[in-house]
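Report on the following structure.
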Amino acid sequence: MLLELRWDQLQNALGDAEPGVLDGRLLSRAMNDELRGVCDALKERGVRPRLSVVQVGDDPASSIYIRHKVRACERVGIISIHEKLDAQISQDELHRRLRERNDDPNTHGILLQLPLTEGLDSGEAVMAIDPVKDVDGFHPANLGQLMAGRSPLEPCTPTGVLRLLRAAGVEPRGLEAVVVGRSVIVGRPMAVMLTRSDATVTLCHRHTPDLEALVRRADLLVVATGVPRLIRGDWIKEGAVVVDVGINRVDGRLCGDVEYDIARARASWITPVPGGVGPMTVATLMENTLRAACLQTGWTFRCGELLSFDEAGLVDLGRAPVRFPGVMYAPVAEEA
């Protein structure tokens, strides 16, 4: 474990939330306070964690998201560099810029803000990022390591969802979980993570026949489709836990993929939109940036203490063929 948060410090973060509300703002603040301690400890060892945010063009929504991430860096103590590239940049030039960040030893994390402008291939661009600096967890090497149960950098949004569940005392083991949405960013890694947590998982999407019937069975429902109020509130099983990842603007107001008011009356726990999963995604990005800094500089943070790999009994087997230490991340044991 590269960076182990002190959950005895975080477990009560939702204490001031409205009953039954998975308030990501409260937990993200508590996480950022904890992560500031990690960042300060690294600085004492001469490591200044640095995140490079690369934006192509000037999409207004992307600019807003980047401002949230830059502010979070300031709160935690991470140095952030925002590089805005021309919307007409070529694919080759974008890759060259990303490789420059790869080769900079003072840059520990690289975040390529998506979506890219028309004509650019985001999948190819993500593959140009060094996997050990891919703090979004989108590189195929990281996604493959996630499937093997050994990745140090996992996608931020599903990781943030698990953090929220843990803070609320929701144990996925034995639950029937339904994930609506099959994106590489949220849905598919979310299904893998919940399976790893011993839930029985159904992965579906907005084109799934009789989606209502599947949703009605769910003890734990995670929705990430980008379709406003796709899931009706009266589909929610009494006492279910509902995690709404969607954020949409309808008639000038933000809403999720779930019909919130009716769903809240039926659910035991539910995330608000905004203020639920979004802040957790940003907090987990900060966590991943510090994980990446630890990975690249030979430190691990356990029980409030920063230890060298040697002190922690970890062995770095080198950086080829994929640049991950091998012994550090033994595959997670899974039952058939």
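Between GLY174, GLY109, GLY160, GLY144, the distinction of being of a type outside the set (Phe, Trp, Tyr) and at positive phi belongs to GLY174 only.
Can you find a residue in the stretch 204-215 that is in contact (Cβ under 8 Å) with a residue 40 or more places away in the chain and not in a helix (DSSP H, G or I)? The answer is no; no qualifying residue exists. Against the condition in a helix (DSSP H, G or I), surrounded by 20 or more Cβ atoms within 10 Å (Cβ to Cβ) and modelled with pLDDT of 95 or more, how does LEU27 come out, does it pass? The answer is yes for LEU27. Return a yes/no flag: does the stretch 251-261 have any residue that is of a type in the set (D, E, K, R), crowded, with 23+ Cβ neighbours inside 10 Å and over 16 Å from the mean Cα position of the chain (by Cα). Checked against the condition, which is being of a type in the set (D, E, K, R), crowded, with 23+ Cβ neighbours inside 10 Å and over 16 Å from the mean Cα position of the chain (by Cα), the stretch 251-261 yields at least one hit. For the stretch 38-78, residues that are within 23 Å of the chain's Cα centre (by Cα), closer than 13 Å to ALA293 by Cα and surrounded by fewer than 16 Cβ atoms within 10 Å (Cβ to Cβ) total 2. For THR281, state whether it is modelled with pLDDT of 90 or more, among the hydroxyl-bearing types (Ser, Thr, Tyr), surrounded by fewer than 23 Cβ atoms within 10 Å (Cβ to Cβ) and within 23 Å of the chain's Cα centre (by Cα). No; evaluated as a whole, the condition is false for this residue. Set side by side, the residues ARG182, ARG166, ARG173 differ, and just one is in contact with a Lys or Arg (Cβ under 7 Å, 6 or more places away or on another chain), at pLDDT 95 or above, surrounded by fewer than 21 Cβ atoms within 10 Å (Cβ to Cβ) and not small (Gly, Ala, Ser), which is ARG182.
Only a single item in (1) outside any loop (DSSP other than H, G, I, E, B); (2) of a type in the set (Val, Ile, Thr); (3) buried (at least 24 other Cβ atoms within 10 Å of the Cβ) is not met by VAL201, and it is number (3). Within the stretch 88-144, the residues that satisfy the criterion of being basic (Lys, Arg) and farther than 17 Å from THR284 by Cα are ARG96, ARG97, ARG99, ARG101.
Looking across the stretch 166-186, the residues that are out of contact with any strand residue (DSSP E or B) (no Cβ under 7 Å at 6 or more places or on another chain) and within 15 Å of SER268 (Cα to Cα) come down to ARG166, ALA167, GLY169, GLU171. Residues of the stretch 3-24 that are surrounded by fewer than 19 Cβ atoms within 10 Å (Cβ to Cβ), touching a residue at least 40 places away in the same chain (Cβ under 8 Å) and part of a helix (DSSP H, G or I): TRP7, LEU10.
Of the candidates VAL245, VAL241, the single residue that is of a type in the set (A, V, I, L, M), out of contact with any Leu (no Cβ under 6 Å at 6 or more places or on another chain) and either modelled with pLDDT under 95 or under 18 Å from ARG163 (Cβ atoms) (or both) is VAL245.
The values are calculated or read from the model by the stated rules, or taken from the named source; none is laboratory data. What you see is a predicted model, and the numbers here were worked out from it, not measured in a lab. Here Cβ is always computed from backbone atoms with ideal geometry, including for glycine, and neighbour counts include all displayed protein chains.
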